[in-house]
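Worksheet for the structure shown next.
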Amino acid sequence: MTPESALIELCSVSKEYPAAPEPLQVLRNVGLSLSPGACAAIVGPSGCGKSTLLNLMGALDTPTSGHVLFRGNDLAGLKPHELARFRNREVGFVFQSHHLLPQCTALENVLVPTLLDNGANGARERAMGLLDRVGLSHRMDARPEALSGGERQRTAFVRALINRPALLLADEPTGSLNEEAARQLADLMIELQREESMAIVVVTHAMAIAERFGRVLELREGRLVPRD
Ligand code: ADP
Ligand code: MG
């Protein structure tokens with residue numbers, strides 16, 4: 001696949017963290033290419049570098065060597081305002097912990113990423129539509145403390161979608177959920193991925209969840225290999 005047709009591409013990406021007596025090499029020459037609207041799941045044991053990899057894809061951190069290309073452009077070459085736009089508009093993040101604002105309702109939380117745009121046109125309608133789509137139409141005015149774990153994660157998922165990202169990065173999104181809620185969230189992610197034609201990279205150590213996303217890659221000793 002040429003860099004131009006890929007949505008995001010990792011080219012020989014390595015990452016090490018400073019440590020004594022020698023640096024900790026977490027990623028070694030990782031390559032990955034994801035088309036627009038495609039899905040991939042990354043599995044591997046705790047500490048193998050999954051979050052590190054996702055953070056590089058979302059420009060939350062930078063590689064020690066190698067390149068991360070988004071629509072063919074090296075993220076390392078973006079100016080600060082372009083990086084801010086990339087993080088706010090092109091990418092949506094979901095984490096294991098929902099990070100919802102406790103003082104805001106579900107609907108208000110979902111609208112937070114639109115505030116930079118002065119509450120973009122139609123944002124409220126889109127937020128309500130998406131909350132309805134994930135089965136939360138009756139919970140829009142509830143604060144996070146009143147929501148179940150699954151409801152909080154679905155709210156965080158909708159918040160990640162509100163600005164129509166081309167790429168959703170999900171770091172153990174079902175990690176704090178029971179089996180039923182985890183399966184429900186994964187199914188909603190896949191349905192919405194199709195409806196919204198966005199790409200998803202999901203990190204999980206639950207194989208049953210990973211397999212729902214079709215393409216499963218394993219991070220092993222710093223390298224990304226297809227899982228057979
Ligand atoms: P995973 O998400 O697969 O559990 P991480 O990407 O969080 O793994 O971490 C990979 C390795 O890098 C771990 O050994 C972790 O302790 C280390 N690590 C992660 N972030 C940092 C950091 N900012 N500084 C130093 N070491 C880190
Ligand atoms: Mg992690």
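Read-outs throughout are calculated quantities, based only on the coordinates presented, and are distinct from any laboratory measurement. Keep in mind that this is a model prediction, so the values were computed, not measured. Cβ atoms come from the backbone with ideal geometry, glycine included; neighbour counts cover every protein chain shown.
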Subject >> Taking the convex hull of Cα positions in the stretch 1-126, its mean projected area over all directions (nm²) >> reply: 10.3
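Please report the net charge: other residues with Cβ closer than 12 Å to the Cβ of A199, K and R +1, D and E -1. Mind showing how you got there, number by number?
On the way: positive: R71, R194, R215; negative: E9, E90, E196.
After counting each charged neighbour, the total is 0.
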Subject >> Two-site label geometry, D117 and H205: point separation in nm, points 7 Å out along Cα→Cβ >> reply: 3.7
Original post:
For the chain, what is the relative contact order in percent, using Cα pairs closer than 8 Å and at least 6 residues apart in sequence?
Top reply: 29
**OP:** Kindly state, as a whole number, the per residue volume in cubic angstrom of the convex hull around the alpha carbon atoms of the stretch 100-164.
**Re:** 71
Original post:
Taking the Cα centre of the chain as the origin, how large is its charge dipole in debye, to the nearest 20, when only Lys and Arg (+1) and Asp and Glu (-1) carry charge on their Cβ atoms?
Top reply: 220
Subject >> Neighbour cut-off at most 16 other Cβ (10 Å), DSSP loop, GluC sites (Glu not before Pro), the stretch 1-78 >> reply: E4
Subject >> Counted charge near L107, where neighbours are those whose Cβ lies closer than 14 Å (Asp, Glu -1; Lys, Arg +1) >> reply: +3
Original post:
Is the shape of the stretch 44-112 best called rounded, prolate or oblate, per the rule: a/c under 1.5 gives rounded, else a/b larger than b/c gives prolate, else oblate, with a ≥ b ≥ c the square roots of the Cα gyration tensor eigenvalues?
Top reply: oblate
Original post:
What is the antiparallel percent of DSSP beta bridges lying wholly in the chain, to the nearest 5?
Top reply: 55
Original post:
For the stretch 139-228, what does the alpha-carbon gyration tensor say about shape, rounded, prolate or oblate, given a ≥ b ≥ c as the root eigenvalues, a/c under 1.5 as rounded, and a/b over b/c as prolate?
Top reply: prolate
Original post:
What does the convex hull of the Cα atoms come to per residue for the chain, in Å³?
Top reply: 133
**OP:** Provide the FRET efficiency to the nearest 0.05 for the S197-L24 pair, computing r from the beta carbons and using R0 = 35 Å.
**Re:** 0.40
Subject >> Degrees between helix 123-133 axis and first principal axis of the chain (Cα, 0 to 90, nearest 10) >> reply: 90
Original post:
Relative contact order (percent) for the stretch 100-164, with alpha-carbon contacts under 8 angstrom and 6 or more residues of separation?
Top reply: 51
Original post:
Does anyone have the angle between helix 179-195 and the longest principal axis of the chain? Alpha-carbon axes, 0 to 90°, nearest 10?
Top reply: 90
**OP:** On a C-alpha basis, how far is the centre of the stretch 57-88 from the centre of the stretch 170-227 in Å? Whole number, if you could?
**Re:** 23
